[in-house]
Amino acid sequence: MTIISPIVFHRRPAAGDAIVGHRVELQLLTTLKCNLKCSYCSLGVGDVLGSQTVLGYDIDDLDRFVRTQLAGKEIYVTFYGGEPTLNRPLMEAVMQRWPQWRYQLQTNGTLLDDLPPWVLQRLSNVLVSIDGGEAITDGYRGRGIYRQVIKNLRSVRAAIGGSVTARVTWGNPATGFDELDALVADDSPFDWLYWQFVADAMYDGDSLERRRAVLRRLIARFFERRDALYPLIPLMGIVRNKLLPGRARELYAGHTQCRVSSHLINVMPDGSIYPCPDLMYAPQMQMGDVKGNWLRASPLQQTPAMPCAGCEAYAWCRGNCVKNLWLGYVKNDERYRRNVVDPICSLLRFIGEEVDRHDPQAWFQALPLPLRRQLTDCEVYEYVEVMP
Ligand code: SF4
Ligand code: SF4
């Protein structure tokens, strides 16, 4: 008897299927060069930093890609790098070609004053990397960088059309409450502060307890204020998610809040596309190519190997950072799991407990309506990971 095997049709994904939802964040790495040498730079892993110095696609390739793969989507671009302002011609060409898109710049801030006013005017948000106060920032980035960045920001602040967000990598256990608080003081050039716990083995000894002590004060300060929001995006986002858990899902279609599983795509200078900028060295993470004009769904997803389903924080954390979880629990890098992933998760759970101690419901009920609106709908949630 001849056995006829069933015919299986493998449907090529239709253009547009790869992105979940109606919006897409197109993170364009204009170059992998940088004019600084931050000691913890995540692009140093796999020697990504500096590896591509020439653009492998042109603006017409990008146009074709967008028209076929992203048709009908609301597009917001983040210029990313390396230091993206080192390739101003690409930034300007994109902004001129698609004036209807929203734009964000992720920069180290040292060259901000070189950007023309019309570019600054079109930016909905500028994320400026800084590590806290002067001593810690200069320790990681080089002497004089903190002052240079603040000076640049003050000189261009009025020309920037949107908001300015301090983007802090909280690496040093000595980072104190006062230096973070100063970044959002009334005379600061920053509107918002977003921090992320460093993805490096910097959590030994008493460093977790030192971070908890700072977090305790930041959270207390957050709930003290009722005249204005204390503009710390991770605390705002966590409180929002606890009060309105649906918000933690709706913008990301139930996936992780940093958008890598649903609608964030990182375009390398050579045109290859990856979901997370920290995993661009991993070939299995490639999800598309601008020049080849293809895009598939993000391969970076929650899996049962990750511990989130049984975690008390899941309802509001939603499994950030999924790259950390992937390295620790799918790639089974035990050292990374023990020294990076698990300590960060313990800090997240601590934040959740500390927020609950302050009765966020009662606090929210007492807020004036415009502040409630800021807490629930802040635009910066669309540009950063939300979870620290
Ligand atoms: S704290 Fe960690 S384990 Fe818990 S939901 Fe968040 S990422 Fe997952
Ligand atoms: S939070 Fe998201 S974008 Fe950031 S490193 Fe983790 S997976 Fe990547």
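The values are calculated or read from the model by the stated rules, or taken from the named source; none is laboratory data. For clarity, every value in this text was computed on a predicted model and none was experimentally measured. As a convention, Cβ positions derive from the backbone with ideal geometry for all residues, glycine included, and neighbour counts pool all protein chains shown.
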| Single residue of 288, 319 found to be near ligand 1 (Cβ under 8 Å from one of its atoms) and small (Gly, Ala, Ser) | 319
| Every residue from region 127-156 that is in a helix (DSSP H, G or I), surrounded by fewer than 16 Cβ atoms within 10 Å (Cβ to Cβ) and not small (Gly, Ala, Ser) | 147, 151, 154
| Single match in 325, 295 (criterion: within 11 Å of ligand 2 (Cβ to nearest atom) and under 21 Å from residue 274 (Cβ atoms)) | 325
| message | residue 102 - would you say it is free of Cβ contacts under 8 Å to residues at least 60 places away in the same chain, within 24 Å of residue 126 (Cα to Cα) and buried (at least 19 other Cβ atoms within 10 Å of the Cβ)? | response | yes
| field | Conditions (1) surrounded by 17 or more Cβ atoms within 10 Å (Cβ to Cβ); (2) touching a helix residue (DSSP H, G or I) at 6+ places or on another chain (Cβ under 9 Å); (3) under 20 Å from residue 59 (Cα atoms): number failed by residue 83 | value | (2)
| Of these, 36, 49, which one is modelled with pLDDT under 95, under 20 Å from residue 155 (Cβ atoms) and not in a helix (DSSP H, G or I)? | 36
| task | Test residue 359 against the stated conditions and say whether it is surrounded by fewer than 18 Cβ atoms within 10 Å (Cβ to Cβ) and either under 28 Å from residue 213 (Cα atoms) or more than 14 Å from ligand 1 (Cβ to nearest atom) (or both). | result | yes
| Is it fair to say residue 295 is within 18 Å of residue 30 (Cβ to Cβ) and crowded, with 23+ Cβ neighbours inside 10 Å? | no
| task | Confirm whether residue 237 is small (Gly, Ala, Ser) and touching a Phe, Trp or Tyr at 6+ places or on another chain (Cβ under 7 Å). | result | yes
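Rundown of residues vs (1) away from ligand 2 (no atom under 16 Å from the Cβ); (2) closer than 27 Å to residue 172 by Cα; (3) at pLDDT below 95, yes/no style:
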site: 264; (1), (2), (3): no, no, no
site: 289; (1), (2), (3): yes, no, no
site: 318; (1), (2), (3): no, yes, yes
site: 357; (1), (2), (3): yes, yes, no
site: 376; (1), (2), (3): yes, no, no
site: 381; (1), (2), (3): no, yes, yes
| task | Within region 60-94, track down each residue that is in contact with a His (Cβ under 7 Å, 6 or more places away or on another chain) and either modelled with pLDDT under 95 or in a loop (DSSP other than H, G, I, E, B) (or both). | result | 73
| field | Failed criterion for residue 257 (all others in (1) over 19 Å from residue 330 (Cα atoms); (2) within 16 Å of ligand 1 (Cβ to nearest atom); (3) surrounded by fewer than 23 Cβ atoms within 10 Å (Cβ to Cβ) hold) | value | (3)
| task | List every residue pair whose Cβ atoms sit under 7 Å apart, with the two residues 6 or more apart in sequence or on different chains, where the first one lies in region 302-323 and is of a type in the set (Val, Ile, Thr) and the second, anywhere, is more than 7 Å from ligand 1 (Cβ to nearest atom). | result | 303/330; 322/256; 322/260; 322/261; 322/300; 322/302
